[in-house]
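Read-outs throughout are calculated quantities, based only on the coordinates presented, and are distinct from any laboratory measurement. Source: prediction; values computed, not measured. Because the Cβ atoms are built from the backbone with ideal geometry, glycine has one as well, and the counts that use them run over all protein chains shown.
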Amino acid sequence: MADPVSIAVTGAAGQIGYALLFRIASGAMLGNDQPIEIKLLEIPPAMDALRGVVMEIEDCAFPLVRNVVMTDQPEAAFEGVDIAMLVGSRPRGPGMERNDLLEANGAIFTAQGKALNDHAAKDVKVLVVGNPANTNCLIAQRNAPDLDPANFSAMTKLDHNRAIAQLSQKVDGAVEDIKGLAIWGNHSSTMFPDLLGATVNGKPALDAVSQSWYEDEYIPAIQQRGAAIISARGSSSAASAANAAVEHVREWVAGTEDVTSMGIYSNGQYGIQEGLIFSYPVTVSGGTCSVEENRVLNAFAQSKIEATEAELIEERDAVAHLL
Ligand code: NAX
């Protein structure tokens with residue numbers, strides 16, 4: 001068997017953590033023949049809850065799990081890790097404005113970026129799930145100057161999966177018949193689910209639905225899906241978010257079969273400001289992500305992409321002192 005891969009998960013006692021850890025430990029992320037070590041980071045008040053989660057992991061007797069570490073120190077959590085899944089973040093509290101939230105999370109992701117820089121493997125793959133995911137990822141990346149910016153990504157795979165599922169329901173087709181769909185921009189209500197490059201059974205997706213459904217129903221439904229789940233379930237999506245995180249890392253390591261969506265460091269592709277963490281249509285091969293080139297974008301798509309870019313620029317400027 002291969003040497004164990006070391007995986008850090010932050011916010012491990014939270015609800016996404018609870019849905020995520022058991023799938024990682026079962027082999028769903030890196031495969032059934034890949035042993036793993038899991039390093040779990042929490043804040044001191046959550047250490048008791050984390051202990052309970054670790055007891056449950058032990059009680060599964062997962063053959064692939066070689067070691068489980070619990071800590072409240074980022075430096076210990078990231079020591080030598082190959083993969084870091086940054087799930088924990090500060091939720092919006094009563095009376096908190098957006099900038100307060102950016103600030104509170106800024107402190108977390110500054111410290112975690114520095115700890116990754118100094119302690120993780122140099123080719124560590126970092127996935128940020130905790131919101132605001134793109135800007136938290138930007139803060140971590142900018143505080144890790146010795147790591148390649150390409151090592152950092154923010155999760156838009158849940159939005160991607162939501163977009164595929166909603167389209168498949170509308171056209172009464174199978175999920176696997178849909179190809180080429182992508183999410184652009186920020187993981188927020190400005191994200192742009194792009195059907196222009198998507199196909200259903202090899203035919204343009206936009207031939208299968210009306211433009212008014214696409215613009216007036218589909219896009220808002222994807223953008224607001226997180227809020228719809230909160231209002232139905234009373235808490236935010238957890239199992240589907242964990243599933244998306246598993247898929248994001250699996251594709252990053254093993255490669256993609258179709259275009260996927262990932263928030264990655266922009267090198268200016270499609271005119272997006274360099275250095276933003278921007279969700280693009282992405283393919284992965286040999287662990288390297290590439291933005292799909294030459295995608296045709298009409299004026300409508302361009303305006304949506306510019307709006308989500310503008311929001312990310314605003315968020316970046318609000319945390320400029322942390323970068
Ligand atoms: P929970 O509040 O259940 O769990 C968060 C956990 O993070 C808590 O246990 C908390 O103690 C821990 N935490 C806080 N600060 C920490 C720190 N400095 N170091 C380590 N751990 C820390 O939230 P949960 O539902 O699990 O969601 C986690 C994050 O994912 C939230 O920011 C949420 O908004 C975000 N999401 C992102 C999604 C995406 O698609 N990118 C979708 C789902 C989810 O909304």
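Ranked by the mean number of other Cβ atoms within 10 Å of their residues, highest first, the peptides 23-30, 126-133 come out as 126-133, 23-30.
Ordering of 246-255, 62-71 by packing is 246-255, 62-71, highest average first (other Cβ atoms within 10 Å, averaged per residue).
For the chain, the longest principal axis of the Cα atoms and the long axis of helix 47-60 meet at an angle of about 90 degrees. Working from Cα pairs under 8 Å separated by at least six residues, relative contact order for region 5-154 is 24 percent. Is the chain rounded, prolate or oblate when judged by the Cα gyration tensor, a ≥ b ≥ c being the square roots of its eigenvalues, rounded requiring a/c under 1.5 and prolate requiring a/b larger than b/c? Judged from the Cα gyration tensor, the chain comes out prolate (a/c at least 1.5, a/b above b/c). Taking a straight Cα-Cα cut-off under 20 Å and skipping sequence neighbours fewer than 8 places away in the same chain, the lysines within cross-link reach of Lys125 are Lys39, Lys114, Lys157. To the nearest 20 debye, what is the magnitude of the charge dipole of region 127-182 about its Cα centre, counting +1 on the Cβ of each Lys and Arg and -1 on the Cβ of each Asp and Glu? Here region 127-182 has a charge dipole of around 160 debye. How many percent of Cα pairs in region 167-225 exceed 19 Å? In whole percent, the share of Cα-Cα pairs in region 167-225 beyond 19 Å is 24. In the chain, the calculated helix contribution to ellipticity at 222 nm averages -12500 deg cm²/dmol per residue, counting -39,500 (n - 2.57) for every DSSP H run with n ≥ 4. Of the beta bridges in the chain, as assigned by DSSP with both residues counted there, near 45 percent are antiparallel. Which shape class, rounded, prolate or oblate, goes with region 5-154 when its Cα gyration tensor gives a ≥ b ≥ c as root eigenvalues, a/c under 1.5 marks rounded, and past that a/b bigger than b/c marks prolate? Judged from the Cα gyration tensor, region 5-154 comes out oblate (a/c at least 1.5, b/c at or above a/b).
Centroid-to-centroid, using Cα positions, region 130-171 and region 197-225 are 21 Å apart. Ranked by the mean number of other Cβ atoms within 10 Å per residue, highest first, peptides 99-108, 313-322 order as 99-108, 313-322.
Is the C-alpha gyration tensor of region 157-322 telling us rounded, prolate or oblate? Criteria: a/c under 1.5 is rounded; beyond that, a/b larger than b/c is prolate, otherwise oblate. Rounded shape, in that the Cα axes give a/c under 1.5. Hey, what do the phi angles of region 89-101 turn into as Karplus ³J(HN,Hα) couplings, whole Hz, using 6.51/-1.76/1.60 and θ = phi - 60°, x for Gly and Pro? So the Karplus estimates, Gly and Pro as x, are 7, 8, x, 5, x, x, x, 7, 8, 4, 5, 5, 5 Hz. Remark: relative contact order (the chain) = 17 percent; criterion is Cα-Cα distance under 8 angstrom and separation of 6 or more residues.
How far is helix 299-318 tilted off the main Cα axis of the chain, in degrees rounded to 10, range 0 to 90? Roughly 30 degrees, rounded to the nearest 10.
The lysines within cross-link reach of Lys203, meaning a Cα-to-Cα straight distance under 18 Å and a gap of 8 or more places when in the same chain, are Lys170, Lys179.
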